[in-house]
Amino acid sequence: MLKVLFVSSEVSPYAKSGGLGDVAGSLPRALKNMGVDVRVVFPKYKTIKPEFVDSAEYIGSYKVKLEWREQSASVFKLSSDVPTYVIENDYYFTNRDGYYGYGDDGERFTFFCKAALDLLNLIDFVPDVIHCNDWQTGPIAVYVKDYYSRFLPLSNVKTLFTIHNLQYQGICGRDILGLMGLNYGYFTSDKLEFNGMVSFMKAGIVYADAVSTVSRTYAYEIQTGQYGYGLDGMLRARSNVLSGIVNGIDYSQDDPETNKFIYKNFSKNDLSGKKENKRRLQEELGLPVRDDVPVISIISRLVDQKGINLVIDSIGELLSKDIQLIILGTGDGRYEYMFKEFAYRNPDKISANIMFDNVLAKKIYAASDMFLMPSLFEPCGLGQLFAMSYGTVPIVRTTGGLVDTVQEYNYDSKTGNGFTFHDYIASGMMWAVNNAIHTYYTDEWQNVVKNAINTKFSWEDSAKEYIELYTKMIS
């Protein structure tokens, strides 16, 4: 039986700030269902709900060496269908409000990486593959390759490093090498040095046996200067072990036929209930109840990466059209303020919900006609997949995973599940929006909706590709 240790800084539903949490919560479950002996480990944060940790089983404790001092790691096993372990340390995790953004993040996640490897002794588990995710786990690849490799039975363990977002790289001063237990021989351009600093992301890229990312197009894009954030040369050098596997979603949780959070259930064979969802959402959010106006939604972090600046630049043109715009999300304070102000001045056109509410998100996905995602870059993206599962048509920029999941609707062949634009400019976005609005008022619209709701990217499909990659690594 294939054995995998899945290491992540966040795991849904326990701790989630973005797509990484979704992946770490869903992919291991799909792997287990396909016969993989998979174990998951992540830090025990203060924000984990008591209902998850109160019933956790205490496994044991041990000391983790960080240069001249030691820190305690206590391990708890959560009640889950996949064996899931949390590593507790009051100083680094349990007594802090957030996941990231602290001045000692390098030290915190160095501790976590060492503790995750030492966990294997405590639970008597020797994996075939350790699957590391994003910069927070990059040092594991170094340790397995250059330190633990000297100690059986870990000498044959392989590491896979998955890049979920190359923009965030875990940059630290070179003094972190001492805490990591590494000498200054690692501070070179072919190892961990990056612009005079140490990069945890680069550690994973250089030392892992294989590198993957969360879509095929993003795997190509990060090898270019435009999207490589200074690591494109190293990624090109490792292109022979670099691959892209598109994320999936759990359709049992986002099935319009069974989802308990939406106003009225509907199916791909009977979409009439979608209109009722639209009316009820308009009522709840205080928008005029109209069947004849397209509802365009944005569910996103309100940051430049998500193309929010294009929306702001186009707001005048958007408001000139007979549409309703629904925003859900938090992020950059200036964008939060602007959307609140636009909604205040245009209450019949815009509903700005500056928060994150998972139940409201489901209602918006189910009720909207179109879902706007004009990202500057998008490693994979899940919003467009959630939208399509409810028959909501995506409008996206052709980048990263959006290219791999959304295709422009073709009037002649009746193929395609959305509307796209290429250049990252407001006029390009509006061209796609106008195309979608025009199609909305034609008989073609139902073809696009049906193509969208029939588009499937499941975790089972992704898990099959990961199993093939794991098998190739260990063979």
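The values are calculated or read from the model by the stated rules, or taken from the named source; none is laboratory data. Because the structure is predicted, anything quoted here is derived from the model rather than measured. Neighbour counts run over all protein chains shown; Cβ positions are idealised from the backbone, glycine included.
Filtering T392, T420 for residues that are in contact with a Pro (Cβ under 9 Å, 6 or more places away or on another chain), modelled with pLDDT of 95 or more and of a type in the set (S, T, N, Q) leaves a single hit, T420. I'd like to check something: does segment 291-311 contain any residue that is modelled with pLDDT of 95 or more, over 23 Å from the mean Cα position of the chain (by Cα) and among the basic types (K, R)? Scanning segment 291-311 turns up no residue that is modelled with pLDDT of 95 or more, over 23 Å from the mean Cα position of the chain (by Cα) and among the basic types (K, R). When you check G21 against the structure, is it free of Cβ contacts under 8 Å to residues at least 40 places away in the same chain and in a loop (DSSP other than H, G, I, E, B), yes or no? No: the conditions fail for G21.
Consider segment 77-108 and keep the residues that are within 30 Å of N33 (Cα to Cα), of a type outside the set (S, T, Y) and touching a helix residue (DSSP H, G or I) at 6+ places or on another chain (Cβ under 7 Å). The one that is surrounded by the most Cβ atoms within 10 Å (Cβ to Cβ) is I87. Exactly one residue among K414, K362 is surrounded by fewer than 18 Cβ atoms within 10 Å (Cβ to Cβ) and out of contact with any Leu (no Cβ under 6 Å at 6 or more places or on another chain), and that residue is K414.
Scanning segment 330-341 for residues that are modelled with pLDDT of 95 or more and buried (at least 16 other Cβ atoms within 10 Å of the Cβ), we see that the one that is nearest to E284 (Cα to Cα) is F339.
For segment 264-286, taking the residues that are surrounded by fewer than 13 Cβ atoms within 10 Å (Cβ to Cβ) and free of Cβ contacts under 8 Å to residues at least 60 places away in the same chain, the one that is nearest to I296 (Cα to Cα) is identified as E283.
Annotation note: of D357, D291, D304, the sole residue that is more than 27 Å from Q167 (Cα to Cα) and surrounded by fewer than 18 Cβ atoms within 10 Å (Cβ to Cβ) is D291. Taking the criterion of being without any contact (Cβ under 8 Å) to a residue 60 or more places away in the chain and among the β-branched types (V, I, T), the residues of segment 423-466 that qualify are T439, T442, V448.
Could you check segment 177-207 and list, in sequence order, the residues that are touching a Leu at 6+ places or on another chain (Cβ under 6 Å) and either outside any helix (DSSP H, G or I) or over 28 Å from A24 (Cα atoms) (or both)? Result: Y186, V198.
Scanning segment 223-263 for residues that are surrounded by 15 or more Cβ atoms within 10 Å (Cβ to Cβ) and on the phi > 0 side of the Ramachandran plot yields one hit, Y229.
Just for segment 1-13: of the residues that are over 28 Å from S475 (Cβ atoms) and modelled with pLDDT under 95, which one is surrounded by the most Cβ atoms within 10 Å (Cβ to Cβ)? In this case the residue turns out to be S12.
Matching residues to (1) without any contact (Cβ under 8 Å) to a residue 40 or more places away in the chain; (2) within 27 Å of T471 (Cβ to Cβ):
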| residue | (1), (2) |
| --- | --- |
| L117 | yes, yes |
| P127 | no, yes |
| I130 | no, yes |
| L182 | no, no |
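Test of understanding: among I171, I140, which residue is buried (at least 22 other Cβ atoms within 10 Å of the Cβ), within 23 Å of the chain's Cα centre (by Cα), within 26 Å of D232 (Cβ to Cβ) and among the β-branched types (V, I, T)? So the residue among I171, I140 that is buried (at least 22 other Cβ atoms within 10 Å of the Cβ), within 23 Å of the chain's Cα centre (by Cα), within 26 Å of D232 (Cβ to Cβ) and among the β-branched types (V, I, T) is I140.
If the condition is being assigned to a helix (DSSP H, G or I), surrounded by fewer than 24 Cβ atoms within 10 Å (Cβ to Cβ) and not basic (K, R), then segment 26-56 contributes S26, A30, N33, P50, E51, F52, V53.
The residues of segment 57-107 that are among the acidic types (D, E), in a strand (DSSP E or B) and within 18 Å of Q136 (Cα to Cα) amount to a single one, E88. Residues in segment 435-452: is at least one in contact with an Asp or Glu (Cβ under 9 Å, 6 or more places away or on another chain) and polar (S, T, N, Q)? Yes, there is a match, as at least one residue in segment 435-452 is in contact with an Asp or Glu (Cβ under 9 Å, 6 or more places away or on another chain) and polar (S, T, N, Q).
Cβ-Cβ contacts under 6 Å between residues 6 or more apart (or on different chains), taken from a first residue in segment 50-75 that is among the polar types (S, T, N, Q) and modelled with pLDDT of 95 or more to a second residue that is assigned to a strand (DSSP E or B) and buried (at least 17 other Cβ atoms within 10 Å of the Cβ), are listed as S61/S74; Q71/V64; S74/E88. Considering only residues in segment 248-292 that are in a loop (DSSP other than H, G, I, E, B) and among the basic types (K, R), the one that is nearest to T455 (Cα to Cα) turns out to be K268.
Rundown of residues vs (1) outside the structural domain of G204 (by TED's automatic domain parsing); (2) farther than 30 Å from D404 by Cβ, yes/no style:
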| residue | (1), (2) |
| --- | --- |
| G233 | no, no |
| R236 | no, no |
| N240 | no, no |
| N259 | yes, no |
| I262 | yes, no |
| R279 | yes, yes |
| E284 | yes, yes |
| P288 | yes, yes |
| S300 | yes, no |
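A search for C-beta distances below 6 Å between a residue of segment 226-250 that is free of Cβ contacts under 8 Å to residues at least 24 places away in the same chain and any residue that is assigned to a loop (DSSP other than H, G, I, E, B), counting only pairs 6+ apart in sequence or on different chains, returns D232/Q223; D232/T224; D232/G225; R236/Q223.
When F377 is tested against (1) closer than 29 Å to I453 by Cβ; (2) of a type in the set (F, W, Y); (3) in contact with a strand residue (DSSP E or B) (Cβ under 7 Å, 6 or more places away or on another chain), only condition (3) is not met.
Filtering segment 376-412 to residues that are more than 18 Å from P294 (Cβ to Cβ) and of a type in the set (A, V, I, L, M) leaves L376, L382, L385, L402, V403.
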